[in-house]
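J.: Got a structure for you, written out below as structure tokens; questions coming shortly.
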Amino acid sequence: MLAALGAALLAGNFFAFSTFLMKALKGLSAERGIVAMQAITMAIKSLSFLIVFFGTAVLSAVLAVAAILKYGTPGSCYLLAGSFLFLIGTFSVTMLRNAPLNRALTRTTPRSKEGRQMWKRFQSSWGMWNHVRSVTSLMACALFIMALVDGSNPFGTH
């Protein structure tokens, strides 16, 4: 249940970026867009976001192991699929794609030629990877719910 809730919260967060936040930032000048995204990057490091993001990743890893150990029981396939989707499509994409782009943008000088070039690259690449995170976290949530509906309890009997 907690993994489903965490994945749902993150799906909503990423969905907001995909559907309107990045579009709003794209309408700004490169300088203003960079400054705004730099501020967002700093704000996202809040304790509440980090707990949900890393907590859901840890839960997904634990649930993947539990699903493998209890493979064949009701819901184990859903649990394993949801865990892998979250860990690969949401967590890994964030750590290997979006976060490095955020760090690079943080080091960018907004009023420079390099800053304007970086902003163009950032928008296309970051947005694409954010769509991946949106879809995979939503799908992981759905699979975790399907595991619950299927009556799965990977830590023992009902």
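The values are calculated or read from the model by the stated rules, or taken from the named source; none is laboratory data. Computed from a predicted structure; not experimentally measured. A quick note on method: Cβ atoms are made from the backbone with ideal geometry, for glycine too, and the neighbour counts reach across all protein chains shown.
J.: Surrounded by fewer than 18 Cβ atoms within 10 Å (Cβ to Cβ) and aliphatic (A, V, I, L, M): does that describe Val52?
T.: So Val52 does not fit the description; no.
J.: May I pose another question? Can you pull out the residues in the range 91-130 that are in a helix (DSSP H, G or I) and polar (S, T, N, Q)?
T.: The answer is Ser92, Thr94, Asn98, Asn102, Thr106, Gln117, Gln123, Ser124, Ser125, Asn130.
J.: Cβ-Cβ under 9 Å, sequence separation 6+ or interchain: first residue in the range 44-59 and over 11 Å from Ala7 (Cβ atoms), partner assigned to a loop (DSSP other than H, G, I, E, B). Which pairs?
T.: Filtered contacts from the range 44-59: Leu50/Ile44.
J.: Output the qualifying pairs, or none if there are none: Cβ atoms under 6 angstrom, residues six or more apart or on different chains, first residue in the range 107-123 and surrounded by 12 or more Cβ atoms within 10 Å (Cβ to Cβ), second residue part of a loop (DSSP other than H, G, I, E, B).
T.: Going by the 6 Å Cβ cut-off, the qualifying pairs are Gly115/Thr108; Gly115/Thr109; Met118/Thr108.
J.: Filter the range 62-99 for residues that are of a type in the set (Ser, Thr, Tyr) and at pLDDT below 95; which is surrounded by the fewest Cβ atoms within 10 Å (Cβ to Cβ)?
T.: Tyr71
J.: Could you list, ordered by first residue, the pairs with Cβ atoms under 8 Å in which the first is in the range 80-99 and closer than 13 Å to Ser134 by Cα and the second is of a type in the set (Lys, Arg), at least 6 apart or interchain?
T.: As it stands, the answer is Gly89/Arg133; Thr90/Arg133; Val93/Arg133; Thr94/Arg133; Asn98/Arg133, since those pairs meet every condition given.
Yes or no, residue by residue, for (1) surrounded by 15 or more Cβ atoms within 10 Å (Cβ to Cβ); (2) at pLDDT 95 or above; (3) of a type in the set (Gly, Ala, Ser); (4) in contact with a Leu (Cβ under 9 Å, 6 or more places away or on another chain):
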residue: Leu9; (1), (2), (3), (4): yes, yes, no, no
residue: Phe15; (1), (2), (3), (4): yes, yes, no, yes
residue: Arg32; (1), (2), (3), (4): no, yes, no, yes
residue: Met37; (1), (2), (3), (4): yes, yes, no, yes
residue: Lys45; (1), (2), (3), (4): no, no, no, no
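J.: Helices (runs of 4 or more DSSP H) wholly in the range 1-82 with at least 2 residues that are aromatic (Phe, Trp, Tyr) - which ones?
T.: Passing ranges, in order: 2-16, 47-69.
J.: All but one of (1) among the hydroxyl-bearing types (Ser, Thr, Tyr); (2) farther than 28 Å from Leu25 by Cα; (3) within 23 Å of the chain's Cα centre (by Cα) hold for Thr73; which doesn't?
T.: (3)
J.: Then there's this: May I ask you to list pairs of residues, at least six apart or on different chains, whose Cβ atoms are under 8 Å apart, with the first in the range 2-30 being farther than 20 Å from Val93 by Cβ and the second being basic (Lys, Arg)?
T.: Ala30/Arg116; Ala30/Lys120
J.: Here is a further query. List every residue pair whose Cβ atoms lie under 8 Å apart, where the two residues are 6 or more positions apart in sequence or sit on different chains, the first residue falls within the range 132-154 and is on the phi > 0 side of the Ramachandran plot, and the second residue, located anywhere, is crowded, with 18+ Cβ neighbours inside 10 Å and at pLDDT below 95.
T.: Gly151/Gly75
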